[in-house]
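Computed from the coordinates by the stated procedures, all read-outs in this text should not be read as laboratory data. No experiment lies behind these values; they were computed from the predicted model shown. Virtual Cβ from ideal backbone geometry, glycine too; neighbours counted across all protein chains shown.
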There are 2 protein chains.
Amino acid sequence: MPAAVEPVSVARRSGKSEVHILRRTQEQRTAETRAALFAAAVATISRLGYSGASNAEIADEAGVSRGAITHHFATRAAFIAEVVRWVFEQEVAAYQQIQRDRHVGTRVSDWPAISWEVLSRPSGVAVLEIFVASRSDPELASLIRPAQQAIEEAAASAFFDRIGATVRDPAAIRLVVWAVRGMALGREFIDDPGSMQASVDLLTSMFARLSPSGNLEELIG
Amino acid sequence: MPAAVEPVSVARRSGKSEVHILRRTQEQRTAETRAALFAAAVATISRLGYSGASNAEIADEAGVSRGAITHHFATRAAFIAEVVRWVFEQEVAAYQQIQRDRHVGTRVSDWPAISWEVLSRPSGVAVLEIFVASRSDPELASLIRPAQQAIEEAAASAFFDRIGATVRDPAAIRLVVWAVRGMALGREFIDDPGSMQASVDLLTSMFARLSPSGNLEELIG
DNA sequence: AAACATACTGTCAAGCATGCACGTAATAAT
DNA sequence: ATTATTACGTGCATGCTTGACAGTATGTTT
């Protein structure tokens, strides 16, 4: 049936050959579809929660069929693991961009606000949900474990280097990251989500009062 | 078939009637089975994660059949919601017992350690997993919402009353509770789970240094 | 332009979880 | 004792999700 509709790339007859208005290289098609799938996964998990985010839902959100997911990723666990890595890359970039654009991050008291801004976004909460889900999925757990370690080290470097820390005690950074993650998650379950900001501000002010100079030793000493 | 095996309550013939060694009232049977199911739910969620904790797994862990769950709870969501309430009751009791037995809780700097001790237990993490799962289950979400509010108020009272707070600012208590929950969750995903204690200790020392007197105004001021 | 490679779609089978219906065992009531 | 009521076990049916496969469309190479 040559009269079939072509939803995405509209075709026209010009002479004998068909030229497509939207002509993309295979590389572009792959990159765009994968990006759309990653974004759709985050959006769908944010909207429906992890177990509500089936491949069918994600594919619908991305405007493709489930087969596209099957084609690009060997298994669902592999797909989700790549979603995690994609988000991590964006988070690292966001850390750096915030530090650069707003000239913050040189003092430890900047950490809570920066972490909150990055990790409280839908993608941050989505990744946390994936982490929780990985506890019932050994395959997924084994795939995201290395990614988790990588992000932990990347975040640590981004923070420690910025303040010029002499001791790289992970306790402070873990406190900030997981406390902020916990608050981001908790925001989903309280009546007034905006009120969680006050708790973040309190953590920030505690950091600032304990380390006026902004260095880490003063805080952990 | 009178020769059938009776696995739990052994029967003996004495004269014409059968007396059972383990004779419990219906009330006792119900209470014990429900308690076993609650404990089994927590244990199974801790071991396999929420979506790995099917009713079949939980029933196996409790030593009963799936039918027992069906009998006692109208639906799975109702079952899980009662698990949450059961855990909350235990948590409130644990808060009070710790404060009583160890004579702590009169200073805000006691909060992190007490919260950690209670919320980092398997049941605390299990409840958090249930909360996350409720995002994809509207029925479950609507059932645990009131329980969540109740525990929040109960915890607030337990803490505020104990330190004799004049201002009952929820920001501090939310910071502690959700930061601790986040750290308890994070502990499941780092290489050395024991190292999270250092972050809890850091939070504790920050509270102590900012509020040597132990009252809340000093901390949030 | 023809042949090939890659991207994507639609359908099907298998597995698993929940809820339901019915059967059996244990306790309570008469 | 008997009958009733409650507690619990077991098999069936439905719905949903993932993975597999065969087919179609689009892009690339020669």
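Give the angle, between 0 and 90 degrees and rounded to the nearest 10, that separates the Cα long axis of helix B:122-134 from the longest principal axis of the Cα atoms of chain B.
90
Mind pulling the per residue volume of the convex hull built on the Cα atoms of the range B:75-220? Å³ is fine.
106
For the pair residue A:39/residue A:75, report the inter-label distance in nm, with labels modelled 7 Å from Cα in the Cβ direction.
Here the answer is 3.0 nm between the modelled labels.
Excluding residue A:196 itself, what net charge comes from residues whose Cβ is under 14 Å from its Cβ, given Lys and Arg +1 and Asp and Glu -1?
-2
Report, in debye and to the nearest 20, how large the dipole of the range B:74-138 comes out about its Cα centre when Lys and Arg carry +1 and Asp and Glu carry -1 on their Cβ.
60
What is the dipole size for the range B:75-220, taken about its Cα centre, with +1 at each Lys and Arg Cβ and -1 at each Asp and Glu Cβ, in debye to the nearest 20?
120
Under the 0.36 nm per residue contour assumption, what length would be gained going from the current alpha-carbon distance of residue B:217 and residue B:191 to full extension?
Full extension of this stretch gives 5.6 nm more.
Explain nothing, just compute: Karplus ³J(HN,Hα) = 6.51 cos²θ - 1.76 cosθ + 1.60, θ = phi - 60°, for every residue of the range B:92-108 in order, whole Hz, x for Gly and Pro.
Ordered by residue, 3J(HN,Hα) equals 4, 4, 5, 3, 5, 5, 4, 4, 6, 5, 9, 6, 10, x, 7, 10, 4 Hz.
Name the chain A residue with the Cβ nearest the axis that maps A onto B: which is it, and what is the distance in angstrom?
Its Cβ sits closest to the axis: A:182, 1.
Taking the Cα centre as origin and putting +1 on Lys and Arg beta-carbons and -1 on Asp and Glu beta-carbons, what dipole magnitude results for the range A:19-77, to the nearest 20 debye?
Here the range A:19-77 has a charge dipole of around 140 debye.
Place +1 on the Cβ of every Lys and Arg and -1 on the Cβ of every Asp and Glu in the range B:75-220, take the dipole about the Cα centre, and give the residue among B:195, B:80, B:106 whose Cα lies farthest towards its positive end.
In the range B:75-220, that residue is B:106.
List the distances, in nm to one decimal, from the label point of residue A:47 to the label points of the same position in every other copy, shortest first, placing each label point 7 Å from Cα along the Cα-to-Cβ direction.
Label-point separations across copies, in nm and ascending: 3.8.
Hey, what angle do you get for helix A:196-210 against the long axis of chain A, alpha-carbon based, 0 to 90 degrees rounded to 10?
Once rounded, one gets 40 degrees.
Rounding to the nearest 10 and keeping the result within 0 to 90°, find how far the Cα-based axis of helix B:170-186 lies from the longest principal axis of chain B.
For B:170-186 against chain B, the angle is about 60 degrees.
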